[in-house]
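This report refers to the structure that appears directly beneath it.
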Amino acid sequence: MSISVRRQHPIQPAYSLTADVQNFLQCGLQYRYARDSHLPWSDSPQLWFGRFVCDCLQAAEQQVRHGLQPQPPWDIARITQLCGAVAARLQAEQIVCRSRTRQQVGQQCVTAAINELGPLLFPLIDEAQIPVSGSRWFPTVAGKTAVQDPQSSHFVLTGTVPALLRVAAADGTATACSLLQVLQAHGIVPAEPQTVLVDFKSAHRPDLHRRTRQAATAGVDADQWRALVLAWLLSQQTALPAAVVVVYLHELSPSAAALRRLRQAQYRRTADVLLPSADSRDAALLQAFSAGQEPPQLSRDFRLQRAFRVIPVAPATLLTALQTTDHAAQRIHACRNHEARSGRILKAWERNNHSPAACNACRARTWCPDFPGR
Ligand code: SF4
């Protein structure tokens, strides 16, 4: 008697939105060394800054939600203690900052985020750090599956939703809260409660007009792409959110360089940049600001307005974002197969980074043929 053997289940490739797709889109080769060879990502203080600011804010929110700390504003001792704990955790992951100035800027940014954003945002957060996942097909080319291996015709995409809000205009607080005012301006706060996804960025709000000229090769607004893919991932488990709010945390404590850029944009009246109204005190402060001076303290309302960027979840933009993700996943898969066949890493992986700053901080720069300083 012959006994049938149970068929092996095909192992689907699984990609994390942040750790795989987003990093691969920055540079394939850097991603390969960091992800597969566990080479630390980079020496870049930006990497430390990004993780530090977002992790501190999320840790503060978690402590408030679990009743371990009161609602902000917090005193400086409490914030310093939190910053120390988060910095130690990052150090254990080999993400360190060797610049004292950068550390101070990071702590200023965390203080502004907790004490100015926290009182508005924390009470509205319904859930935080939600793991989400969904299954996608690899894109097809000329009517057939581009990936030759039939067992790997689709892949699993995973991610983490930083925070979910339940918002409604009916509670009467809408007019008092800057975030809800911004949502109302985009028609997002109706009488019925709506779900809004929140994503945090430690950076300044990008000038998309400049970005599209300078980073023509990327061709995508990375923050919008990520926000929409997170919205889709969430929709695989619950309803699609009405919108995504990307919070640019550095706008709460802007650097002198960012204020100079804002002043230039004010002169040019750049279409994309959110500027203060011409007769406001913020506009006058920006106009009077010049190089070498202490940066002016812009009003809290204006800084919050610039920090919130609302991205509506529309079917057309959602489709484009998902197509970008599918193609990136396919390219990762193709590079990995190429490396397995050829045994050559440099030949197999795309080097699609076009930022000299990222190349300068990359750990693979000493042997990468595309490093601009070679
Ligand atoms: S040096 Fe630049 S192109 Fe080369 S691997 Fe690093 S980030 Fe990529």
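Each value in this text was obtained by applying a stated rule to the coordinates, not by laboratory testing. Note that the coordinates shown come from a computational prediction; the quantities given were computed from them, not determined experimentally. Cβ coordinates were reconstructed from backbone atoms using ideal geometry, including for glycine residues, and neighbour counts include every protein chain displayed.
For the chain, the Stokes-Einstein estimate of translational diffusion at 20 °C and a viscosity of 1.002 mPa s comes to 94 µm²/s, using the Kirkwood hydrodynamic radius over alpha-carbon pairs. Between residue 68 and residue 92, the modelled label-to-label distance comes to 1.2 nm, taking each label 7 Å out from Cα in the direction of the beta carbon. When the chain is treated as a GNM with alpha-carbon contacts under 10 Å, the residue of 326, 223, 279 showing the greatest mean-square fluctuation is 279.
Amide hydrogen proximity for residue 12: with H placed 1.01 Å from N in the peptide plane, no residue at 5 or more positions away or on another chain lies under 5 Å. Restricting the trypsin sites (Lys or Arg not before Pro) of segment 1-84 to loop positions (DSSP other than H, G, I, E, B) with no more than 10 neighbouring Cβ atoms within 10 Å leaves 6, 7. The dipole here belongs to segment 255-296: it is taken about the Cα centre, uses +1 on the Cβ of Lys and Arg and -1 on the Cβ of Asp and Glu, and is about 160 debye.
With 0.36 nm allotted per residue and the present C-alpha distance subtracted, the residue 85-residue 267 stretch has 61.3 nm of extension available.
Around the amide H of residue 160, modelled in the peptide plane, lie the amide H atoms of 132, all under 5 Å away and 5 or more residues distant in sequence or on another chain. A cut-off of 5 Å between modelled amide H atoms, ignoring neighbours fewer than 5 places along the same chain, links residue 96 with no other residue. Oblate is the label for segment 255-296. Its Cα gyration tensor axes, ordered a ≥ b ≥ c, give a/c of at least 1.5 and b/c at or above a/b. Here the gap between residue 156 and residue 2, fully extended at 0.36 nm per residue and compared with their Cα-Cα distance, gives a gain of 51.9 nm.
Projected label points at residue 327 and residue 278, each 7 Å from Cα along the beta carbon direction, are separated by 4.1 nanometres. Put in line by how crowded their Cβ is, counting other Cβ atoms within 10 Å and starting with the fewest, 61, 116, 93 read 93, 116, 61. Taking other Cβ atoms within 10 Å as a rough exposure proxy, 98, 261 sort from fewest to most as 98, 261.
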